[in-house]
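The structure under discussion appears below in the form of structure tokens.
The values are calculated or read from the model by the stated rules, or taken from the named source; none is laboratory data. Just so it is clear, the structure is predicted and the values come from calculations on it, not from any experiment. Heads up, the Cβs are rebuilt from the backbone with ideal geometry, glycines too, and the neighbour counts pull from every protein chain shown.
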Amino acid sequence: MSTSLLTFAKGGVHPPESKEITERLAIEKMPLPEEFEIPLLQHFGAPCQPLVKKKDRVEEGDLIGQVTGGLGANVHASVTGTITDIGTSIGPVSLNVPSVTISRDLEAPDKTYTPSDWKSLSPQELLSKIKDAGIVGIGGAGFPAHVKLAPPPGTKVDKLILNGAECEPYLTTDHRVMLEKPEEVIVGAQILLRVLGISEGHIGVEANKSDAIDVLRKAAEAQKLHGAKISIDALQVKYPQGSEKQLIESVTGRKVPGGGLPFDVGVIVQNIGTTKAVYDAVVLNKPLYEKVITISGRGISRPANLQVRVGTRIRDIVQYLGGTKPDLAKIVMGGPMMGFAVSTLDIPVTKTVSGVLFLTKEEIDDQPHGPCIRCGWCVEACPMGLSPNEIGLYVEAGRAADTAPFGVFDCFECGSCAFVCPAKRPLVQFIRLAKQKAKR
Amino acid sequence: MEQVKDTQISEHPLPACTVSISPHVKSRESTAKIMWTVNACLLPPLLLSVFIFGFQTLIITLVSVFSCVIAEAVSQKLLHRSITIKDGSAVLTGLLLAYIIPPGVPYWMPILGAVFTIYITKHLFGGLGFNIFNPALIGRAFLVATFPVAMTSAWIMPMNDFSIFKYMQPGVDAVSTATPLYVLKHYGLAALIDKYGAVSTMYKDFFLGVRPGCIGEVSNLLLLLGGLVLIFKKYISWHIPVSVIATIGVLTWIFGGEGYFNGDPILAVLTGGVFLGAIFMATDYVTSPTQKYAQLAFGFGVGAITVLIRLKGGYPEGVCYAILLMNTLTPALDSWFQPKRFAPAKGATK
């Protein structure tokens, strides 16, 4: 391993990458199912108000849910069709998310988008296009992009970092997007730089995606734009390299303080998929209702990198890919380190879903946990310098309320501690409990 | 964890899937794997002991291991806990307890030590992970306090004629010699050279393990190899073993001879239970600190107390009590040496 690879200083683990299952599979456009269930809450914030009612006809790309104040992002129709229900959907963490169901017009053709010139637009105009398109951080958190791109007055931002680390095992969506759409990613980055009024951009990519690094470097050279300097930084393969704080440390050496945000150290971070969505919104005038997700794991008949529309149910995806295998033991939305296990296939894909994993018994670990043997491996693994062992013992002893001094609120639940724990202790679960009971 | 059943997707029945909190993948390591690996690393020294001290060392070890396993099962039953004898930790305690008693003790002695330490030291304190003291060392301390004569005199001079069943015949008295540290403490270096040969011969013999001593402590070479395996597998780090051995060597060199800087550091670390204690006992996860600097401090403490006992105390050897004393400081060391937090919010640290 080259010593020039960037990385963060403390902690980190090396889970089996399992990316070989899908990393060579080109993005495949999934045929449209007949019905779409589009949640009105696909972002960090409050749900959107529906702008449509039952039996309304909507065109692909129409605005169907609007932010009514506060934090949020618009929601658009993924297909042309008729509204059949305004009700609720099951999400990975919530059982009733307000949603709109569209029955697709089987005759309607796909909407086509033609590129327009963006270079004549002002930063304000660019930002409002991003806002109108309903773009959120699609790497997982779902923070509205237009809010993140407008830091409060007085903050000085000098660096944009695009997160192409994709450190979660199995997931290969950012990898395939960088490989197949490098120009879009680079132009998206240029748009983001223009919005922020800065010139320095970095794309951090883990070194296990060297093909993507090469392709992006060529694209950055070919798409050169005056006033935008975009470098592609190779990162050491170490989980959680793609965590915002760790990525910022790896690329800039700056540390975002506890309770702080990236702009506190002059940095804005966006995910690769988000950047591609920014390109679509600004250049093609296409709202965010379509994305690439990885369907992987040894429990699905045919793994794939699928381009799907928001609102596609997992059930339809499974059916398209030939069903699950008999030894399927766990279904996870997102990556295996931070994703959510789900109990049903009737869950629609949202903007923030990066993948759905179908894991077999061999791939998961469901051994019962034992007592802490104080090996200290979790302390070594924690990228935030916490002591998960102590927090776990406090929670088990019924003293979750006393755990604030252990820094539980710094924990972003990357799962490194629970991954290495030889006693198989559910440390993330303990810490979540601690966060609920502890006083800030 | 909750088991859920989903309806069918066309012809593909969906099996019952587990729902639990992330992470969904975990490393292949486990408590049992660690314990059994340590047990395996401890076996070669026992083989050597069978050859040089006789077959009864194997019997003593087996008695100790089985007593610990049975005591663990009974303790867990009495305390209404789930029985976890398969995790290898009781076997490890049994091995270590046998390794730190002399090769000529009666067979019933390890049974007493095992029952006492597994029930009192381990399970009454809360079981695996909650014991304050290293169980094997408490077992030895208990036996030394209860049967001081047998525990400090049942030594055997190494044999080189493969008469391994000699001490199992009736009427053959095992009490036949004294350990190098005993000779050194009570009669001085000249007497030691008289008994074991020139200093260079002693270095070689003691490194290989050809000397009287406890069952598992003599073969420094085989203990070292076992320790290297554990370090290579990242089950232990070098910090505690190196700091213990280095401290004993340096402090003996300074204070252990005529005047200052005249002691023999090599002899000091090759005798007694230094390697066994430093590599396999002071590194016990439960009773030693987790932070690297705390481990260095812990190792220094073990080494310093060992030398103090050897030079000024009433016993010729002090590794056992040194580790037990430092065990009491482990929680304090863990709290003094905290990991470095990632840019904590102001006023948020402990």
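Considering every residue within region A:32-45, establish whether at least one is within 14 Å of another protein chain (Cβ to nearest Cβ), modelled with pLDDT of 95 or more and farther than 28 Å from A:Ile203 by Cα. Within region A:32-45 (the criterion being within 14 Å of another protein chain (Cβ to nearest Cβ), modelled with pLDDT of 95 or more and farther than 28 Å from A:Ile203 by Cα), the answer is yes, since at least one residue qualifies. Among the residues making up region B:228-261, those that are farther than 20 Å from B:Ala322 by Cα and in a helix (DSSP H, G or I) are B:Leu228, B:Val229, B:Leu230, B:Ile231, B:Phe232. Residue check: B:Trp36 meets all listed conditions (1) of a type in the set (Phe, Trp, Tyr); (2) surrounded by fewer than 24 Cβ atoms within 10 Å (Cβ to Cβ); (3) away from every other protein chain (no Cβ under 14 Å) but one, namely (3). With respect to (1) within 20 Å of the chain's Cα centre (by Cα); (2) within 14 Å of chain A (Cβ to nearest Cβ); (3) crowded, with 23+ Cβ neighbours inside 10 Å, the lone exception for B:Pro331 is condition (3).
Scanning region A:351-375 for residues that are within 18 Å of A:Gly334 (Cβ to Cβ), of a type in the set (Val, Ile, Thr) and part of a loop (DSSP other than H, G, I, E, B) yields a total of 3. Of A:Gly335, A:Gly322, which residue is surrounded by fewer than 23 Cβ atoms within 10 Å (Cβ to Cβ) and assigned by TED's automatic domain parsing to the domain that holds A:Thr101? Within the list A:Gly335, A:Gly322, the selection yields A:Gly322. Against the conditions (1) outside any loop (DSSP other than H, G, I, E, B); (2) within 30 Å of A:Asn96 (Cβ to Cβ), where does A:Val379 fall short? Just the number, please. Answer for A:Val379: the failing condition is (2). If only residues of region A:53-84 that are among the β-branched types (Val, Ile, Thr) and modelled with pLDDT of 95 or more are counted, the one that is farthest from A:Val278 (Cα to Cα) is A:Thr84. Would you say A:Lys209 is part of a loop (DSSP other than H, G, I, E, B), charged (D, E, K, R) and touching a residue at least 40 places away in the same chain (Cβ under 8 Å)? Against the criterion (part of a loop (DSSP other than H, G, I, E, B), charged (D, E, K, R) and touching a residue at least 40 places away in the same chain (Cβ under 8 Å)), A:Lys209 does not qualify. Taking region B:115-143 as the search range and keeping residues that are of a type in the set (A, V, I, L, M) and over 14 Å from the mean Cα position of the chain (by Cα), which one is nearest to the other protein chains (Cβ to nearest Cβ)? Going through the qualifying residues, I end up with B:Leu128.
Against the criterion of being in a helix (DSSP H, G or I), touching a Gly at 6+ places or on another chain (Cβ under 6 Å) and among the polar types (S, T, N, Q), B:Thr306 qualifies.
Among the residues of region B:91-99, is any modelled with pLDDT of 95 or more and either surrounded by fewer than 18 Cβ atoms within 10 Å (Cβ to Cβ) or within 14 Å of chain A (Cβ to nearest Cβ) (or both)? Yes, region B:91-99 has at least one match. Of all positions in region B:270-280, none carries a residue that is under 28 Å from B:Phe207 (Cβ atoms), assigned to a helix (DSSP H, G or I) and within 14 Å of another protein chain (Cβ to nearest Cβ). The residue pairs whose first member lies in region A:400-417 and is in contact (Cβ under 8 Å) with a residue 60 or more places away in the chain, whose second member is part of a helix (DSSP H, G or I) and not β-branched (Val, Ile, Thr), and whose beta carbons are closer than 6 Å, counting only pairs six or more residues apart or on different chains, are A:Ser416/A:Ala381.
Scan region A:335-350 for residues that are assigned to a loop (DSSP other than H, G, I, E, B) and touching a Pro at 6+ places or on another chain (Cβ under 9 Å) and the total you get is 7. Of all the listed residues (A:Glu390, A:Glu396, A:Glu362), the sole one being more than 8 Å from chain B (Cβ to nearest Cβ), surrounded by fewer than 23 Cβ atoms within 10 Å (Cβ to Cβ) and without any contact (Cβ under 8 Å) to a residue 24 or more places away in the chain is A:Glu390.
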